[in-house]
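The values are calculated or read from the model by the stated rules, or taken from the named source; none is laboratory data. Worth saying up front: this structure is predicted, and the values here are computed from it rather than measured. Cβ placement follows ideal geometry from the backbone for every residue including glycine, while neighbour counts extend to all protein chains displayed.
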Amino acid sequence: MAEETAVNGKIIDIHTHYVPKGWPDVSAEGGADAPWLRLESEHEAMMMTGTTEFRRIQSDCWDAAVRLADMDADGVHTQVVSPTPVFFNYGRTGEQAAKIARIFNDLALEITAPAGERMIPFCQVPLQDADLACAELDRCLDNGHRGVEIGNHVGDRDLDDEGVVTFLQHCAERDVPVFVHPWDMANSPRLDRWMARWLVGMPSESHLSVLSMILGGVFDRVDERLKICFAHGGGSFAFWLGRMENAWHGRNDVIGTSEYPPSHYLGRFHVDSVVFDERALRLLVDTIGRERVMVGSDYPYPLGERPVGEVVRKSEFLDDATRALITHGNAERFLGL
């Protein structure tokens with residue numbers, strides 16, 4: 001099954017990440033907590049932020065051969081390969097973040113090059129400065145990147161911030177797919193247990209980013225050509241759409257920024273499928289729409305789905321046509337393949 005799927009190109013994984021096997025010292029731009037890699041062997045390393053251990057990783061983060069072997073084992077033909085959000089550096093100046101973005105974007109092309117069309121690189125940009133972000137996106141597109149990953153906020157500025165909207169409009173005009181990934185979750189001791197930042201913080205950040213696009217009026221202002229996808233199934237958005245709808249109608253004096261109620265915008269964005277449960281996937285497909293859900297795995301990190309697309313493959317409520325859309329058809333359109 002896996003080998004046949006890989007050969008026929010039937011699974012596209014929209015959500016994977018990379019980490020280079022080392023990079024130049026960026027502490028001058030990234031500050032005292034700038035990321036660096038402590039190599040421990042040819043196959044293992046520790047991602048560091050300053051003197052703090054951030055995440056243990058393996059060669060599947062940087063080695064195309066290892067990634068391709070895992071893709072073949074899981075029946076994945078194509079990966080979208082995006083930055084790990086710790087590299088965004090939105091808290092620095094635009095110029096500092098732009099220098100760091102250029103380094104990692106160029107390294108991403110080196111990582112994905114050996115895989116040819118089976119790995120599609122997405123770049124990062126200094127989102128805190130719209131002009132620099134547009135310029136770096138254009139440079140990356142000229143060099144071989146096919147899309148861009150952005151964080152779901154820049155400090156206290158959500159995706160309805162004017163600078164972010166300017167960048168999203170530029171993406172729409174250039175027909176560039178945008179992948180929104182949560183990052184920089186709320187810092188509270190209550191989230192220090194049980195990996196709660198990842199189990200609660202990330203889903204809530206994804207939910208908030210969709211909400212900001214809708215209630216902040218972004219979809220009313222940005223060209224309908226914008227192709228945008230939210231990670232982790234859009235967080236809890238699908239579950240709470242009814243609550244938002246009720247609030248929009250009942251307290252329009254408070255949340256009436258958008259021209260239409262939230263359900264009106266369901267056709268304007270995509271989500272990935274990495275929700276790990278058939279019941280959650282059913283809600284996602286029923287709410288967001290079968291043409292707006294794409295396989296995503298969060299490979300190669302431990303909280304990702306392996307084998308990739310397992311829930312989509314095994315969900316009995318999906319008919320063959322819908323499963324084909326989710327595994328590859330929707331992604332083909334989203335990526336312009």
Task: Residue under evaluation P300, criteria (1) more than 15 Å from V275 (Cα to Cα); (2) at pLDDT below 95, criterion not met - done: (2)
TODO: Kindly provide the set of residues from segment 1-54 that are hydrophobic (A, V, I, L, M, F, W, C), modelled with pLDDT of 95 or more and within 30 Å of T322 (Cβ to Cβ), ordered by number.
DONE: I11, I12, I14
- [ ] Would you point out the residue of segment 223-233, among those that are of a type outside the set (K, R) and surrounded by fewer than 22 Cβ atoms within 10 Å (Cβ to Cβ), that is modelled with the highest pLDDT?
- [x] L226
Task: Lone qualifier among L266, L283 - being aliphatic (A, V, I, L, M) and either in contact (Cβ under 8 Å) with a residue 40 or more places away in the chain or over 21 Å from S209 (Cα atoms) (or both) - done: L283
Task: Qualifying residue in segment 182-191 (condition: more than 19 Å from G304 (Cα to Cα), of a type in the set (G, A, S) and either within 18 Å of the chain's Cα centre (by Cα) or surrounded by 15 or more Cβ atoms within 10 Å (Cβ to Cβ) (or both)) - done: no
Open item on the list: Please go through segment 130-143 and give me each residue that is surrounded by fewer than 18 Cβ atoms within 10 Å (Cβ to Cβ) and either over 19 Å from the mean Cα position of the chain (by Cα) or not hydrophobic (A, V, I, L, M, F, W, C) (or both), ordered by number.
Closed with: D131, A135, D138, R139, D142, N143
TODO: For D72, state whether it is surrounded by fewer than 21 Cβ atoms within 10 Å (Cβ to Cβ), over 27 Å from N330 (Cβ atoms), acidic (D, E) and in contact (Cβ under 8 Å) with a residue 24 or more places away in the chain.
DONE: no
Task: Which listed residue is in a loop (DSSP other than H, G, I, E, B) and of a type outside the set (F, W, Y), from S258, S263 - done: S258
Open item on the list: Take the residues in segment 274-321 that are more than 17 Å from F179 (Cβ to Cβ) and either part of a strand (DSSP E or B) or hydroxyl-bearing (S, T, Y) (or both); name whichever of them is nearest to the chain's Cα centre (by Cα).
Closed with: T287
Task: Top-ranked residue in segment 271-280 [being free of Cβ contacts under 8 Å to residues at least 40 places away in the same chain and under 30 Å from V66 (Cα atoms); ranked as surrounded by the fewest Cβ atoms within 10 Å (Cβ to Cβ)] - done: D277
Open item on the list: Can you go through L284, L241, L226 and tell me which one is out of contact with any strand residue (DSSP E or B) (no Cβ under 8 Å at 6 or more places or on another chain) and not charged (D, E, K, R)?
Closed with: L241
- [ ] Considering each residue of segment 81-105, count those that are surrounded by fewer than 22 Cβ atoms within 10 Å (Cβ to Cβ) and either on the phi > 0 side of the Ramachandran plot or of a type in the set (D, E, K, R) (or both), and give that number.
- [x] 4
- [ ] Return the total of residues in segment 176-193 being touching a residue at least 60 places away in the same chain (Cβ under 8 Å) and either part of a helix (DSSP H, G or I) or of a type in the set (F, W, Y) (or both).
- [x] 2
TODO: Output the residues belonging to segment 144-169 that are outside any helix (DSSP H, G or I) and either free of Cβ contacts under 8 Å to residues at least 12 places away in the same chain or over 16 Å from the mean Cα position of the chain (by Cα) (or both).
DONE: G144, G155, D156, R157, D160, D161
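So that you can scan it fast, the table gives a plain yes or no per residue for (1) out of contact with any Gly (no Cβ under 9 Å at 6 or more places or on another chain); (2) not β-branched (V, I, T):
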position	(1), (2)
K10	no, yes
K21	yes, yes
P35	no, yes
S41	yes, yes
A65	yes, yes
A69	yes, yes
V76	no, no
Open item on the list: Checking the structure you have, find out if any residue of segment 256-276 is among the acidic types (D, E), farther than 23 Å from A172 by Cβ and out of contact with any His (no Cβ under 8 Å at 6 or more places or on another chain).
Closed with: no
- [ ] Give me the pairs, please: first residue somewhere in segment 299-325 and at positive phi, second residue anywhere and modelled with pLDDT of 95 or more and in a loop (DSSP other than H, G, I, E, B), beta-carbon distance under 6 Å, and either six or more positions apart or on two chains.
- [x] G309/I11; G309/V295
Open item on the list: Restricting to segment 107-129, and then to whatever is within 19 Å of the chain's Cα centre (by Cα) and part of a helix (DSSP H, G or I), can you tell me which residue is surrounded by the most Cβ atoms within 10 Å (Cβ to Cβ)?
Closed with: A108
